[in-house]
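Colleague: Handing you a structure now.
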There are 2 protein chains.
Amino acid sequence: MQSRRILIAQGGGPTAVINQSLVGVVLAARGVRDVDLVYGARNGVRGIVNEDFLDLAQETSHNLELVANTPSSALGSTRDKPDLKYCQEIIQVLQSHQINHFFYIGGNDSSDTLRILSLEAEKLAFPLRCIHIPKTIDNDLVGNDHTPGFPSAARFVAQAFAGANLDNASLPGVYVGVVMGRHAGFLTAASALARKFSDDGPHLIYLPERSFVLEKFLADVKEVYQRLGRCVIAVSEGIHDESGTPIASLLAETIERDDHGNVQLSGNGALADLLCEEIKSKLHIKRVRGDTFGYLQRSFAGCVSDVDQREAREVGEKALQFAVQKAHNGTVAIKRSGSYSVNYELMALDVVAGKTRVMEDELIAASGTDVTEAFHQYLRPLLGSGMPDSFRLRAEAVAKLRNKAG
Amino acid sequence: MQSRRILIAQGGGPTAVINQSLVGVVLAARGVRDVDLVYGARNGVRGIVNEDFLDLAQETSHNLELVANTPSSALGSTRDKPDLKYCQEIIQVLQSHQINHFFYIGGNDSSDTLRILSLEAEKLAFPLRCIHIPKTIDNDLVGNDHTPGFPSAARFVAQAFAGANLDNASLPGVYVGVVMGRHAGFLTAASALARKFSDDGPHLIYLPERSFVLEKFLADVKEVYQRLGRCVIAVSEGIHDESGTPIASLLAETIERDDHGNVQLSGNGALADLLCEEIKSKLHIKRVRGDTFGYLQRSFAGCVSDVDQREAREVGEKALQFAVQKAHNGTVAIKRSGSYSVNYELMALDVVAGKTRVMEDELIAASGTDVTEAFHQYLRPLLGSGMPDSFRLRAEAVAKLRNKAG
């Protein structure tokens, strides 16, 4: 076999641990004798057509370890979703540099890019090995128990709702927190792990896996508010009516779409504000507050799951091992093997490419506004060690004296 | 002297460390021989007129330590700002229970309540000792180097912008983060401590201490975007035009006001969305995203400054000591005594009551869109230990080959 010439890139939305996977590939490649070069492409596939490469052989292992612990894509990212012509350009550049291994760290769009690329390379008889390394906070890749990046984002969401619940308990009212996730509700569902005491919020959870009916929503909020005097609500940005129309877009005056035709859901507070206005005007509750977690949930510096860090590193290392040990393209998948441990497998690219996993029915409560115990068991080990805990005063109430005295 | 009967309450917006102060008083009181009882009032002054007390003598010191480390007000809080009649009701209840010490943990409104209460008690010859324990994420109490709660919120803001900057660097565009602070810009200014490399964001910081001019803002953003290809902006929710009208209220269709007549600035995403729309439409930049940090910044579970924890505990303990050692009312103030160490003083209530500190001129850069080195020196030690750090790839670019080859 000819010597290995490796290119790595990062695509799509960044995560807290995406650099772990990058560094996993780079450090593992250093231990392989027939590796000639390891390049990184700036800004995903965009950096390939621009021939914008970094020579990662120049990186010290110490700096790589520091970069691994830095959130967001160190190589830069892109939202480009290459068509056939774009993929042909990519192949031209790879041929110029005699690159024969391409590792792409990304979500379903990135795996689909690799699928197209691998077919085109085969057609041209260009010996290119394409390995997809999973990453997405949405946790929406099929064939995976979960995806790197999701556990840390889930931890942020759980910690955020733990705090929001305590804040709401001290100054009661209604609180709406809007969480990322266009089609898959996993990240919104993670809010359930904020609860400790039986009356803790979130009291209601709205997922894109279930149709959103405004009247039902208002009735749910009213019931909780009457029972507890307060209500904490987790809402996915992707909630939609029965026709599939996003609730966010029902009110947005100008709708921004990305290159994939998707409505922009994050980066504005419209959905939270809409829901708060409905609650104020229809239920006549005065203190109603809404937060859109926005970019904080995927890029907050200093909220990371150690399990996620370890696994994101391992999928990178395994990707390199699979490339060396197996003679085909593929995507590295995480399989749960114990409670809690995982194995990694190399699956065919078209198992995940362009497909979207959503929450399985057994993870969603019959009410449609909560998760099941199975979801708790699924997510709990992923959040990692050192989760903050909350405690309450337990002292008894003092007998009233004023009326007696007065 | 008669035996001491102590009541503690928490007022205003909760913080990450407000329970440290509560526990500081309670545990210190356990070491004082003539303390008869230690009660906590639920929901601030509201819980006093409702005679809604907990007997804190029943708390184990172990549970108190756990509560101290739990964010948000464990006793509950209130936005009530008592008038004279309300204060007379408070005094009636205190008299019923023969309570002769009242410790109120809160901001300038809470200290003003204590001022009114102490004058009324004096008039009635009711021997009530009123001690104010400072707390506010806004850092707007005069006479204090800084206030407990601010360092942890500032840490959240710095970590949030550190992550948002990395996210923005990987997928370039304009990012607007809106931070709490009606009159004082300290918390927004804390975003400056997110920077490490010279091109790191936030690139622009807008504080309520300076009038906001939309045309100037757009010109500032345009300049940064043309220079760096991206722009990260920190904006205080309290920015206002030259007449003092909040920018947020210029666009809000329905304005909600609290009992103090203040426009509701937090709990909706209107300001961020307004600014993003202006940037998109006037500067024709496509990728513009806005986040409103909202309640996350004051209640996120798991982002706390250890310096803040320690000091919030100490102001509680000192409050109790001052009550025992000094024969007058007052507010506990934090004074910086070294780099970095603090002392505590008991100042007269009217030094802080109802007054608002804003950022001193020497902390704000001449440009009006940044802070000075003096601000960095002021804030850096408050953020505490273990701040996340960020690192970059340092490898050199690879020479382009395609044109040569083609």
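Colleague: Projecting each Cα onto the charge dipole of the protein assembly as shown (Lys/Arg +1, Asp/Glu -1 at the beta carbon, about the Cα centre), which of A:90, A:332, B:88 comes out farthest on the positive side?
Modeller: Of the listed residues, the answer is A:332.
Colleague: For residue A:387, go 7 angstrom from Cα along the Cα-to-Cβ vector, then report the distances to that same point in the other copies in nm, smallest first.
Modeller: Label-point separations across copies, in nm and ascending: 2.9.
Colleague: How tilted is helix A:306-325 with respect to the longest principal axis of chain A? Cα atoms for both, answer in degrees (0 to 90, nearest 10).
Modeller: 20
Colleague: Still on this structure, I have one more. In peptide A:154-163, how many Cβ atoms from other protein chains are near each Cβ within 10 Å, on average? Each step should come with its number before you reach the end.
Modeller: Working: counts 0, 1, 4, 0, 2, 6, 8, 4, 7, 15.
Across the residues of A:154-163, the mean count of other-chain Cβ atoms within 10 Å is 5.
Colleague: Quick check on segment A:294-360: what does the Kirkwood estimate of hydrodynamic radius come out to from the alpha carbon pairs, in Å?
Modeller: Working: mean 1/r = 0.0710 Å⁻¹.
Final number for the Kirkwood radius of segment A:294-360 is 14.1 Å.
Colleague: So for the protein assembly as shown, taking the charge dipole from beta-carbon charges (+1 Lys/Arg, -1 Asp/Glu), which of A:272, B:281, A:57 sits furthest toward the positive end?
Modeller: Farthest along the dipole direction, towards plus: A:57.
Colleague: Could you tell me which chymotrypsin sites (Phe, Trp or Tyr not before Pro) in segment B:259-354 are loop residues by DSSP with no more than 13 other beta carbons within 10 angstrom of their beta carbon?
Modeller: Details: sites: B:293, B:295, B:300, B:322, B:340, B:344; in loops: B:293, B:295, B:300, B:340.
In loop regions of segment B:259-354 (DSSP not H, G, I, E or B), the sparsely surrounded chymotrypsin sites (Phe, Trp or Tyr not before Pro) are B:340.
Colleague: If the protein assembly as shown were replaced by its equivalent ellipsoid, with semi-axes equal to the square roots of 5 times the Cα gyration tensor eigenvalues, what would those be, largest first, whole Å?
Modeller: Numbers: eigenvalues 514, 144, 123 Å².
The answer is 51, 27, 25 Å, longest axis first.
Colleague: What do you get for Rg/Rh over segment A:54-108 if you use C-alpha atoms and the Kirkwood form of Rh? Each step should come with its number before you reach the end.
Modeller: Values: Rg = 14.1 Å, Rh = 13.8 Å.
Rounded to two decimals, Rg over Rh is 1.03.
Colleague: Could you calculate the contour length gain from residue B:183 to residue B:328, that is, 0.36 nm times the residue separation minus the distance between their Cα atoms, to one decimal place in nm?
Modeller: Details: separation 145, 0.36 × 145 = 52.20 nm, distance 3.07 nm.
Extra length from residue B:183 to residue B:328 when fully extended: 49.1 nm.
Colleague: Need one number: buried accessible surface between chains A and B, 1.4 Å probe, both sides summed, DNA, RNA and ligands left out, in Å² to 100.
Modeller: On the way: alone 18510 and 18500 Å², together 29790 Å².
Counting both chains, the buried surface is close to 7200 Å².
Colleague: Let me know the charge dipole size of segment A:87-202 about its Cα centre in debye, to the nearest 20, where only the beta-carbon of Lys, Arg (+1) and Asp, Glu (-1) is charged.
Modeller: Working: 8 positive and 11 negative charges, 35 e Å.
Around 160 debye, computed over segment A:87-202.
Colleague: A follow-up question, please. Local charge sum around residue A:2 (other residues, Cβ-Cβ under 10 Å, Lys/Arg +1, Asp/Glu -1)?
Modeller: Details: positive: A:4, A:5; negative: A:34, A:36.
Surrounding charge for residue A:2 is 0.
Colleague: Another question about this same structure. Can you pull out the trypsin sites (Lys or Arg not before Pro) in segment B:1-68 that DSSP calls coil and that have at most 10 other Cβ atoms within 10 Å? Before the final figure, lay out each step's value.
Modeller: Values: sites: B:4, B:5, B:30, B:33, B:42, B:46; in loops: B:33, B:42.
Taking segment B:1-68 and a limit of 10 other Cβ atoms within 10 Å, the loop trypsin sites (Lys or Arg not before Pro) found are B:33.
Colleague: Moving on to the next point. Give the average, rounded to an integer, of partner chain Cβ atoms located within 10 angstrom of each Cβ in A:383-393.
Modeller: Working: counts 0, 0, 0, 1, 2, 8, 5, 8, 11, 5, 17.
Average per residue, whole number: 5.
Colleague: Run the label-point distances for residue A:61 please: 7 Å along Cα to Cβ, every other copy, nanometres, shortest first.
Modeller: Result, one decimal in nm: 4.8.
Colleague: Using Cα atoms only, what is the angle between the long axis of helix B:270-283 and the major principal axis of chain B, expressed in degrees (0 to 90) to the nearest 10?
Modeller: Approximately 20 degrees, to the nearest ten.
Colleague: Further question on the same structure: Show me B:53-62, B:361-370, B:329-338, B:156-165 ranked by packing, highest mean number of other Cβ atoms within 10 Å first. Don't jump to the answer; show the numbers that get you there.
Modeller: Details: B:53-62: 16.5, B:361-370: 14.8, B:329-338: 19.7, B:156-165: 28.9.
Those peptides, ordered most packed to least, come out B:156-165, B:329-338, B:53-62, B:361-370.
Colleague: Let me ask you something else. Taking the label point as lying 7 angstrom from Cα along the Cα-to-Cβ axis, what are the distances from residue B:142 to the corresponding position in the remaining copies, in ascending order and in nanometres?
Modeller: 6.7
Colleague: Another question about this same structure. Please give the FRET efficiency for residue A:243 paired with residue B:340, using the beta carbon to beta carbon distance and R0 = 60 Å, rounded to the nearest 0.05. Mind showing how you got there, number by number?
Modeller: Details: r = 59 Å, r/R0 = 0.98.
Given R0 = 60 Å and the Cβ-Cβ separation, E is 0.55.
Colleague: Next question. Considering only C-alpha atoms, what is the centroid distance from segment B:276-290 to segment B:331-365, in Å?
Modeller: That distance is 39 Å.
Colleague: Tell me, what is the per residue accessible area of chain A in Å², probe radius 1.4 Å? Mind showing how you got there, number by number?
Modeller: On the way: 14900 Å² over 406 residues.
So chain A comes to 37 Å² accessible per residue, rounded to a whole number.
Colleague: Okay, moving on. Mind listing which trypsin sites (Lys or Arg not before Pro) in segment A:274-333 are in a DSSP loop and have 12 or fewer other Cβ atoms within 10 Å? Working shown, then result.
Modeller: Working: sites: A:280, A:282, A:286, A:287, A:289, A:298, A:310, A:313, A:318, A:326; in loops: A:286, A:287, A:326.
Answer by residue number: A:286, A:326.
Colleague: Okay, moving on. Out of all Cα-Cα pairs in segment A:264-406, roughly what percent, to the nearest whole number, are more than 21 Å apart? Provide the component values of the computation, followed by the final result.
Modeller: Working: 7277 of 10153 pairs.
I get 72 percent for the Cα pairs in segment A:264-406 exceeding 21 Å.
Colleague: Checking the a/c ratio against 1.5 first, then a/b against b/c, what shape does the Cα gyration tensor give for segment A:127-186?
Modeller: Numbers: a/c = 4.55, a/b = 3.28, b/c = 1.39.
It comes out prolate by the Cα gyration axes.
Colleague: What's the minimum Cβ distance from chain B to the axis relating it to A, in whole Å, and which residue gives it?
Modeller: B:269, 1
Colleague: Also, quick follow-up: Tell me, what % of the accessible area of the protein assembly as shown is carbon and sulfur with a 1.4 angstrom probe?
Modeller: Working: 14190 of 29790 Å².
Carbon and sulfur atoms account for 48 percent of the accessible area of the protein assembly as shown.
Colleague: In whole Hz, with x marking every Gly and Pro, tabulate ³J(HN,Hα) for segment A:44-49 from phi via Karplus 6.51 cos²θ - 1.76 cosθ + 1.60, θ = phi - 60°.
Modeller: x, 4, 4, x, 6, 5
Colleague: Still on this structure: Taking a ≥ b ≥ c as the square roots of the Cα gyration tensor eigenvalues, with a/c under 1.5 meaning rounded and otherwise prolate when a/b beats b/c, else oblate, which class fits segment A:98-156?
Modeller: Details: a/c = 3.89, a/b = 2.70, b/c = 1.44.
In terms of gyration-tensor shape, prolate.
Colleague: All other residues with a Cβ under 12 Å from the Cβ of residue A:119 taken together, and with Lys, Arg as +1 and Asp, Glu as -1, what is their net charge?
Modeller: Numbers: positive: A:115, A:123; negative: A:112, A:120, A:122, A:350.
Within the 12 Å Cβ shell, the charges total -2.
Colleague: Segment B:1-42 to segment B:52-105: how many Å between their Cα centroids?
Modeller: 7
Colleague: Expressed as an acute angle from 0 to 90° and rounded to the nearest 10, what is the orientation of the C-alpha long axis of helix A:150-170 relative to the principal long axis of chain A?
Modeller: 20
Colleague: Let me ask something else about it. So, with +1 on the Cβ of K and R and -1 on the Cβ of D and E, and no other charges, what is the size of the charge dipole of segment B:19-123 about its Cα centre, to the nearest 20 debye?
Modeller: On the way: 9 positive and 14 negative charges, 30 e Å.
Result for segment B:19-123 is approximately 140 debye, rounded to the nearest 20.
Colleague: Taking every pair of alpha-carbon atoms in chain B, what share in percent sits in each 20 Å bin, from 0 to the bin with the longest distance?
Modeller: 27, 50, 19, 3, 1
Colleague: While we're here: Ratio of alpha-carbon Rg to the 2.2 N^0.38 Å globular estimate for segment B:11-155, to two decimals, please. Walk me through the numbers on the way to the answer.
Modeller: Working: Rg = 14.8 Å, N = 145, 2.2 N^0.38 = 14.6 Å.
Rounded to two decimals, the normalised Rg is 1.02.
Colleague: Quick one: what are the phi-derived ³J(HN,Hα) couplings along segment A:291-300, Karplus 6.51/-1.76/1.60 with θ = phi - 60°, whole Hz, x for glycine and proline?
Modeller: Along segment A:291-300, the couplings run 10, 10, 5, x, 6, 4, 5, 10, 9, 4 Hz.
Colleague: Now for a separate question. Give me a single rounded figure for B:169-175: the average over its residues of other chain Cβ atoms within 10 Å of their Cβ. Don't skip to the answer; put the middle values down first.
Modeller: On the way: counts 6, 17, 12, 3, 1, 0, 4.
Across B:169-175, the average partner-chain Cβ count within 10 Å equals 6.
Colleague: Name the most mobile residue of A:285, A:105, A:205, meaning the one with the largest mean-square fluctuation, in a Gaussian network model of chain A with Cα contacts below 10 Å.
Modeller: A:285
Colleague: What shape does segment A:1-81 have by the C-alpha gyration tensor, where a ≥ b ≥ c are the square roots of the eigenvalues, rounded means a/c under 1.5, and otherwise prolate means a/b greater than b/c and oblate the rest?
Modeller: Numbers: a/c = 2.11, a/b = 1.20, b/c = 1.76.
Oblate, since a/c reaches 1.5 and b/c is not below a/b.
Colleague: Also: Which values of log₁₀ I(q)/I(0), to two decimal places, follow from the Debye formula for segment B:130-241 at q = 0.13, 0.18, 0.20 Å⁻¹ with a uniform point scatterer at every Cα?
Modeller: -0.50, -0.87, -1.02
Colleague: Starting from the 7 Å offset along Cα-to-Cβ, what nm value, one decimal, do you get for the label separation of residue B:306 and residue B:33?
Modeller: For the pair residue B:306/residue B:33, the computed spacing is 3.7 nm.
The values are calculated or read from the model by the stated rules, or taken from the named source; none is laboratory data. If you're wondering where the values come from, they're calculated on a predicted model, not measured in any experiment. Reconstructed Cβ throughout: ideal geometry from the backbone, glycine too, with neighbour counts over all protein chains shown. We work out accessible area using only protein heavy atoms, side chains counted, and drop any ligands, DNA or RNA first. Shrake-Rupley method; radii C 1.70, N 1.55, O 1.52, S 1.80 Å.
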